[in-house]
1. State whether one or more residues within the stretch 236-248 are surrounded by fewer than 17 Cβ atoms within 10 Å (Cβ to Cβ), in the same structural domain as M351 (by TED's automatic domain parsing) and at pLDDT 90 or above.
2. So which residues in the stretch 281-294 are surrounded by fewer than 17 Cβ atoms within 10 Å (Cβ to Cβ) and not basic (K, R)?
3. Inside the stretch 429-449, can you point out the residues that are within 21 Å of I72 (Cβ to Cβ) and not hydrophobic (A, V, I, L, M, F, W, C)?
4. Just one of the numbered conditions (1) touching an Asp or Glu at 6+ places or on another chain (Cβ under 6 Å); (2) over 30 Å from R125 (Cα atoms) is not true of G170; which one?
5. Which residues, taken from the stretch 208-217, are surrounded by 15 or more Cβ atoms within 10 Å (Cβ to Cβ) and either within 22 Å of the chain's Cα centre (by Cα) or under 22 Å from Y440 (Cα atoms) (or both)?
6. Can you name every one of the helices (runs of 4 or more DSSP H) wholly within the stretch 298-411 that holds 3 or more residues which are out of contact with any Cys (no Cβ under 9 Å at 6 or more places or on another chain), surrounded by 12 or more Cβ atoms within 10 Å (Cβ to Cβ) and of a type in the set (D, E)?
7. I'd like to know if the stretch 68-89 contains one or more residues that are among the basic types (K, R), touching a Pro at 6+ places or on another chain (Cβ under 9 Å), over 19 Å from A186 (Cα atoms) and part of a loop (DSSP other than H, G, I, E, B).
8. Looking at (1) of a type outside the set (F, W, Y); (2) in contact with a strand residue (DSSP E or B) (Cβ under 8 Å, 6 or more places away or on another chain); (3) under 28 Å from A252 (Cα atoms), find the lone condition where M341 falls short.
Amino acid sequence: MSKRAKIIVIFVALAGLIFAIKPYYGGEVTIHLNEPANFNYTPSDYSNLVFYSLLYENFFYLKANGDIVSNIFDNYTYDKDQRVLVLELKEDLSFSNGSPIDTGSVVLSLKLFLNLKVETSFKLRRIIKRTQTEKNKVIIHLMYDSTDIVSLLTAPELVILSGSDGIFSGMFQPVEWERNRYIRLAPNKYYPGGRTYLDGVKVIFYDFYYPDMFLSKPGLNDSEFLEFNAGIYQNIYLGFPQGKVSTNKRLAVYSLLRDFAESVDMTPLNVLTSDEESPVTLNIKSLSYQRVRAILRRSRIQLYIVASLKEIEEKLEVFLEKRGIPLETIYMNDNVLRDFMNNAPIQYLLMVKVFNKRIPLEEKIKRIVKEMSFNRLDEDYLKMLNELEEVKFLNNDELLYDHVSRLIEKIVNDGFLLPLFQKKYSFYTGKWIKGIELDYYGRPLFQGMRLDPMSRPRPKAGENAAETAAAK
């Protein structure tokens, strides 16, 4: 073979290798989720957790294998002796409008997070003594040594915020919203993680034959889709924030909602977390329809419902009308609910809590108590929580479960809240979606996601007609 021929062969081989591994840029993917109330970060259910991860960037990501990564910080160091964590920002970071993400943005975002009523913020408030900034560094001084401080900063709720509406730090930003149909997202050209492979994402809220991605119950048998089961489940509870509710009314509303859950084929929940891990199965008395109607027909009860459950509104209205029970339902966004409760009494509240099976049982119970007790977190509960923290380190499962059991029984007996029903979720993607993974918290990470146009199926017959009908 001549020298020239050898060069041609080598060039062709290299070219083939290069083009074989070159990722495809472009295309829009569709993902079926529940419609959010607005663009303010409120990850109250699994659908919202996925949606807002497209718009807001986390401080850190905790991958399923335990690796911690960040698109915001170039470096981080923890000095155990000095009890100081130093976060060093990458250079030239920007929000979606081009304004800088700087140390002030990090401090503001951390402050807003610490004011949230979530378990990780409770923990961090006890640990963090003060923060200071120095050039491109955020220095966090701790009350005491905490070697898991960076792991705590991977909380999904801890995101970079600008303090202003309509400014985003995540991979995408909204460009179009047609209520009850879809939100179209375009790439954020300033995204700290770099250019996305996709030209856009269309988040749809109506039935569609072939979305690229969607959430559904585990175990769907569809050869066109891959299932990512991160062990996510979502519990719905009936809470009594004020505590001034008679036992009869409490059980009547509970029984009514249990009947509703069964009528729409939801899985009843008889524990506070999940059947597989709970040391206690609750035997809550359920009243007959006749008894429920007798108690509630003149009660003028207002049931407040978090906005993330808006999907049940139509079915619940039909159910109540058929039962002839005048229960008023009021849907409220999570962001304003707590402020509203400070000025107006709420006796009945339908709440959502998302859990991951990886999280230890005792941590879930602590989340329930701290995040869902509102103004009912008294000294007795605080004492039991502190004891639970001590028992956890004794490495005695029997003692731990005994303590958890007593705490669960107290929650129910005090009329704190009652478990209603549960939804389990997997994340499904078409086989033409490449490069996707789920993090430790069960969220899909979109940064490496891309389309394989060669394997993407053509729309099924009637698909466009379905979309047109939905639009009407």
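The values are calculated or read from the model by the stated rules, or taken from the named source; none is laboratory data. The structure presented is a predicted model; accordingly, all values stated were derived computationally and were not measured. Cβ: placed from backbone, ideal geometry, glycine included. Neighbour counts: every protein chain shown.
1. Yes; the residues of the stretch 236-248 include at least one that is surrounded by fewer than 17 Cβ atoms within 10 Å (Cβ to Cβ), in the same structural domain as M351 (by TED's automatic domain parsing) and at pLDDT 90 or above.
2. As a first pass, look at the stretch 281-294 and keep what is surrounded by fewer than 17 Cβ atoms within 10 Å (Cβ to Cβ): 281-286, 288-291, 293-294.
If the condition is that a residue be surrounded by fewer than 17 Cβ atoms within 10 Å (Cβ to Cβ) and not basic (K, R), then T281, L282, N283, I284, S286, S288, Y289, Q290, A294 are the ones that fit.
3. If we filter the stretch 429-449 for residues that are within 21 Å of I72 (Cβ to Cβ), which is where we start, we get 437-441, 443-449.
Once the filter is applied, which keeps residues that are within 21 Å of I72 (Cβ to Cβ) and not hydrophobic (A, V, I, L, M, F, W, C), the stretch 429-449 yields E437, D439, Y440, Y441, R443, P444, Q447, G448.
4. With (1) touching an Asp or Glu at 6+ places or on another chain (Cβ under 6 Å); (2) over 30 Å from R125 (Cα atoms) applied to G170, the lone miss is (2).
5. Looking only at the stretch 208-217, we keep the residues that are surrounded by 15 or more Cβ atoms within 10 Å (Cβ to Cβ), and these are 208, 210-216.
Of everything in the stretch 208-217, those that are surrounded by 15 or more Cβ atoms within 10 Å (Cβ to Cβ) and either within 22 Å of the chain's Cα centre (by Cα) or under 22 Å from Y440 (Cα atoms) (or both) turn out to be P211, D212, M213, F214, L215, S216.
6. Details: elements: 313-323, 334-341, 361-372, 379-392.
Filter on the stretch 298-411 gives 361-372.
7. Kept after step one, since they are among the basic types (K, R), are these residues of the stretch 68-89: 80, 83.
Pick out the ones that are also touching a Pro at 6+ places or on another chain (Cβ under 9 Å) and you get none.
Looking through the stretch 68-89, none of the residues is among the basic types (K, R), touching a Pro at 6+ places or on another chain (Cβ under 9 Å), over 19 Å from A186 (Cα atoms) and part of a loop (DSSP other than H, G, I, E, B).
8. All conditions are met except number (2).
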